[in-house]
Amino acid sequence: MYDVIIIGRGPAGLSAALYVVRAGQSALVVAQDDGQIAKAEKVDNYYGFSETTSGPELQKNALAQARRLGVDFAEGTVTGIVWDDHFRVSSAEGEWEARAVILATGMPKRKSRLQGLDLYEGKGVSYCATCDGFFYRGKTVGVIGNADYALHEIHDLVPFAGSIFWLTNGRPVALSKPLVSLPDKTSIDERPLAKVDGDGEVLREIVFEDGCRTHVDGIFVAEGTASATDFALKLGIETAGNAIRTDRDGRTNLPGFFAAGDCTGGILQISVAVGEGATAGLAAAKFVREKKAEEKKAAT
Ligand SMILES: Cc1cc2nc3c(=O)[nH]c(=O)nc-3n(C[C@H](O)[C@H](O)[C@H](O)COP(=O)(O)OP(=O)(O)OC[C@H]3O[C@@H](n4cnc5c(N)ncnc54)[C@H](O)[C@@H]3O)c2cc1C
């Protein structure tokens, strides 16, 4: 088990990882790519550079620094985080365990703009299979999305739903690992979607761009990659709009779960992400030290 798993290897994630390992705790960074910093061609407002630098240059150096100091890395898109005395973080590539987690996943994605989703949110439209799957026992549901996260949500729905439409909305299924077989009860429909529809109170149908309508009792939106707000919903973590709510040390309302960088809102800048990563890393290391002391006491 790792002491701390950090999700995201942007400035917030890497800064957090440095502080965790330098505080003597083990750290694994799981990320799918280099994040926003890879797009910053010219950076002139980061401390300590007499000449213009670039995001990729900063990132290359930060990755080398983290490796030198003993941070472990795994490539992958995290689809699920479960808490049960400790944390289990899963992706298509594997599952890892840790005493604490720091979320540094960058700016949360915007919600889908598909017509009708807002109107039926809570009336048949859900963004969390773990939270709401139970209410669809024996019912017909659709899952919108074409990547690993949609498949993860489908797996969470299989024990409850009667049948599941995997709605890729005009895109092919794109998973990080080839799909060996479709989950039980699931069929794929790749047609582009036009809207979700109902009687104003309850969701009833999904409407395709070709005009066809299909009855559904529920729609689960799982487009693209799971973002900070998706994880927050599943873990009962407080948010403020689209951002994770934390205290000044990056603590969320779930003990052992921290957040840093763009996913906490505020000023979306490298310097801020680095600073928040540092405080969250220190707070997570302190949490782990105290947890280990409790574990030791319980064992004697
Ligand atoms: C074009 C552009 C130019 C910019 N220029 C500047 C500038 O000049 N100065 C400045 O200070 N700031 C600039 N910024 C902003 C800056 O890049 C961000 O504020 C900063 O990168 C935020 O860091 P972060 O670590 O919070 O998030 P990010 O850098 O976005 O990193 C997020 C990380 O989370 C990972 N991730 C997300 N979801 C998952 C998941 N489900 N599973 C696994 N991994 C996941 C991503 O792969 C990535 O590694 C610029 C941004 C852009 C887009």
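The values are calculated or read from the model by the stated rules, or taken from the named source; none is laboratory data. In this text, all values refer to a predicted model and were calculated from it rather than measured experimentally. Neighbour counts run over all protein chains shown; Cβ positions are idealised from the backbone, glycine included.
Results, tabulated for the structure shown:
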{"quantity": "Filter pass, ALA243 being away from the ligand (no atom under 13 Å from the Cβ) and assigned by TED's automatic domain parsing to the domain that holds GLY76", "calculated": "no"}
{"quantity": "Residue ID - modelled with the highest pLDDT, chosen from residues in region 104-129 that are closer than 26 Å to ASP33 by Cβ and basic (Lys, Arg)", "calculated": "ARG113"}
{"quantity": "First in region 259-283 and within 21 Å of LEU235 (Cα to Cα), second anywhere and near the ligand (Cβ under 6 Å from one of its atoms) and in a strand (DSSP E or B), Cβ under 7 Å, 6 or more apart", "calculated": "none"}
{"quantity": "Some residue of region 196-219 being surrounded by 14 or more Cβ atoms within 10 Å (Cβ to Cβ) and closer than 30 Å to ILE102 by Cβ", "calculated": "no"}
{"quantity": "Counted residues, region 66-103 - those being in contact with a Leu (Cβ under 8 Å, 6 or more places away or on another chain), at pLDDT 95 or above and not in a strand (DSSP E or B)", "calculated": "3"}
{"quantity": "Failed item in (1) touching a helix residue (DSSP H, G or I) at 6+ places or on another chain (Cβ under 7 Å); (2) assigned to a helix (DSSP H, G or I); (3) modelled with pLDDT under 95, with ASP230 passing the rest", "calculated": "(1)"}
{"quantity": "Near pairs, Cβ below 8 angstrom, 6+ apart or cross-chain, from region 115-127 (crowded, with 20+ Cβ neighbours inside 10 Å) to any residue that is of a type in the set (Asp, Glu) and assigned to a loop (DSSP other than H, G, I, E, B)", "calculated": "GLY124/ASP217"}
{"quantity": "Residues being more than 6 Å from the ligand (Cβ to nearest atom) and within 20 Å of the chain's Cα centre (by Cα) - total across region 1-33", "calculated": "12"}
{"quantity": "Residue in region 53-71 that is within 20 Å of PHE257 (Cα to Cα) and either within 11 Å of the ligand (Cβ to nearest atom) or without any contact (Cβ under 8 Å) to a residue 60 or more places away in the chain (or both) present", "calculated": "yes"}
{"quantity": "Residue count for region 86-107, restricted to those that are crowded, with 20+ Cβ neighbours inside 10 Å and either among the small types (Gly, Ala, Ser) or not assigned by TED's automatic domain parsing to the domain that holds ARG9 (or both)", "calculated": "5"}
{"quantity": "Residue tally, condition assigned to a helix (DSSP H, G or I) and under 24 Å from LEU175 (Cβ atoms), over region 8-35", "calculated": "1"}
{"quantity": "So ILE7, is it hydrophobic (A, V, I, L, M, F, W, C), under 23 Å from ALA129 (Cβ atoms) and in contact with a helix residue (DSSP H, G or I) (Cβ under 6 Å, 6 or more places away or on another chain)", "calculated": "no"}
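A quick yes/no check of all residues on (1) within 20 Å of TYR46 (Cβ to Cβ); (2) touching a Cys at 6+ places or on another chain (Cβ under 6 Å); (3) of a type in the set (Ser, Thr, Tyr):
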{"residue": "THR252", "(1), (2), (3)": "no, no, yes"}
{"residue": "PRO255", "(1), (2), (3)": "no, no, no"}
{"residue": "ALA273", "(1), (2), (3)": "yes, no, no"}
{"residue": "ALA280", "(1), (2), (3)": "yes, no, no"}
